[in-house]
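Here is the structure we will look at, set down as structure tokens.
The values are calculated or read from the model by the stated rules, or taken from the named source; none is laboratory data. This one's a predicted model, so the numbers in the text were calculated from it and none came from an experiment. Ideal geometry is used to build each Cβ from the backbone, glycine not excepted, and the neighbour counts take in all protein chains shown.
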Amino acid sequence: MLTCKQVSHTLSEEDYEKLSPLRKRLLKLHVKLCIVCGKFNRQVMDNQDMCRHYKAHQETSLRDSPELDDRKKDELKAMLAAHSSDSKEE
Amino acid sequence: MADPSQPKVAIAPPDTWVERYGDYLFAYAMSRLRNREAASDCVQDTFLAGIKSLERFDGSRDIKFWLRGIMHNKIVDQIRKSIKENQVNIDNEDETLLESFWFKYSGIATTNPEPWQFNPRKAYDNTEFWDVFNTCIDQVKEPARQAFILRMLEDLKTEEVCKVMNITPNHLWVLLHRARQQLKVALEQKWTGKDVK
């Protein structure tokens, strides 16, 4: 059985979803039953869930806004064009 | 038979990158840095690094995500730069928390944190929730926000974040705790304040 400190330490180091199945199961069991660290560490796990879903959402549906300034776009286009022609010449 | 040396997906020519990926990368950088100038610099540095290492692109995924992978390092560089300008100090309140019985005994801040006022899981399929989440990250105060971005969103290891921020793992733990608290309060205010069931 894991101690509260081991659970807290593990959650501060890793996303619980990435743990081995056995370790994940032991950790979830501890959090579910523990009257000392259960509520606190449940919220740490909730936050990990939220961040994981946020990143997945960004992966598929990040809106292209806010947008780059037109002036900056022109500057970047010129920079890329210059580098493209340099590499072609090489 | 497919030639393994050939890229699996077509490479968009670099002179089209600004039109194709400029706004996407800028929006991504803004979601981490919250500063237009820093985010623009990040896009520029990413394109430059991308064009220089294009021959190493293996074509196994969309070049947009390859460029975003490069951008990860640029975002860390920008945060490192910003931290160098404003050194991270531990305040008395945080020091008290680290010296507290519960932290020493079980690595937690309190046995009885306030429960969520709504079930966030039910909102995960709602795009609007992630827009609110994005806004709420803005409200987390620095340096807790920077610690949260590096550790939770850019997936740096504890020791890497500590190196970038020049702090101890325990101090990082406090900063992440503060960030989670502030994010929760902001989300509850902004989300439950809305007429969303």
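What the table below lists for this structure:
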| item | result |
| --- | --- |
| All positions within the range A:37-58 that are among the aliphatic types (A, V, I, L, M) and within 15 Å of B:Ile137 (Cα to Cα) | A:Met50 |
| Qualifying residue in the range B:159-173 (condition: loosely packed, with under 13 Cβ neighbours inside 10 Å and farther than 30 Å from B:Ile83 by Cα) | no |
| Count - residues of the range B:157-197 that are over 16 Å from B:Ile79 (Cβ atoms) and of a type in the set (Gly, Ala, Ser) | 2 |
| Number of the exception - B:Glu154 against (1) surrounded by 20 or more Cβ atoms within 10 Å (Cβ to Cβ); (2) under 30 Å from B:Arg80 (Cβ atoms); (3) in contact (Cβ under 8 Å) with a residue 60 or more places away in the chain | (1) |
| Residue count, the range B:83-118 (criterion: at pLDDT 90 or above, polar (S, T, N, Q) and farther than 25 Å from A:Thr10 by Cα) | 1 |
| Members of the range B:10-45 that are free of Cβ contacts under 8 Å to residues at least 40 places away in the same chain, closer than 30 Å to B:Pro143 by Cβ and facing chain A (nearest Cβ under 10 Å) | B:Gly22, B:Asp23, B:Phe26, B:Ala27, B:Met30, B:Arg36, B:Glu37, B:Ala39, B:Ser40, B:Asp41, B:Val43, B:Gln44 |
| Test: residue in the range B:88-108 that is touching a residue at least 12 places away in the same chain (Cβ under 8 Å) and within 24 Å of A:Lys55 (Cβ to Cβ) | no |
| B:Val43 being more than 21 Å from the chain's Cα centre (by Cα) and at pLDDT 90 or above | no |
| Residue check for B:Arg121: over 17 Å from B:His177 (Cβ atoms) and modelled with pLDDT of 90 or more | yes |
| Number of positions in the range A:3-51 that are among the hydrophobic types (A, V, I, L, M, F, W, C), surrounded by fewer than 16 Cβ atoms within 10 Å (Cβ to Cβ) and either more than 8 Å from chain B (Cβ to nearest Cβ) or within 18 Å of the chain's Cα centre (by Cα) (or both) | 3 |
| In the range B:13-40, residue modelled with the highest pLDDT [restricted to those that are loosely packed, with under 15 Cβ neighbours inside 10 Å and either farther than 26 Å from B:Asp77 by Cα or among the hydroxyl-bearing types (Ser, Thr, Tyr) (or both)] | B:Thr16 |
| Within the range B:152-183, tally of residues that are under 16 Å from the mean Cα position of the chain (by Cα) and within 16 Å of B:Asn134 (Cα to Cα) | 7 |
| Single match in B:Gly69, B:Gly59 (criterion: out of contact with any helix residue (DSSP H, G or I) (no Cβ under 8 Å at 6 or more places or on another chain) and at positive phi) | B:Gly59 |
| Qualifying helices (runs of 4 or more DSSP H) (wholly inside chain A; at least 2 residues being under 30 Å from B:Ala38 (Cα atoms)) | A:4-13, A:38-61, A:70-89 |
| Residue check, B:Cys136 farther than 19 Å from A:Lys55 by Cβ, free of Cβ contacts under 8 Å to residues at least 60 places away in the same chain and within 12 Å of chain A (Cβ to nearest Cβ) | no |
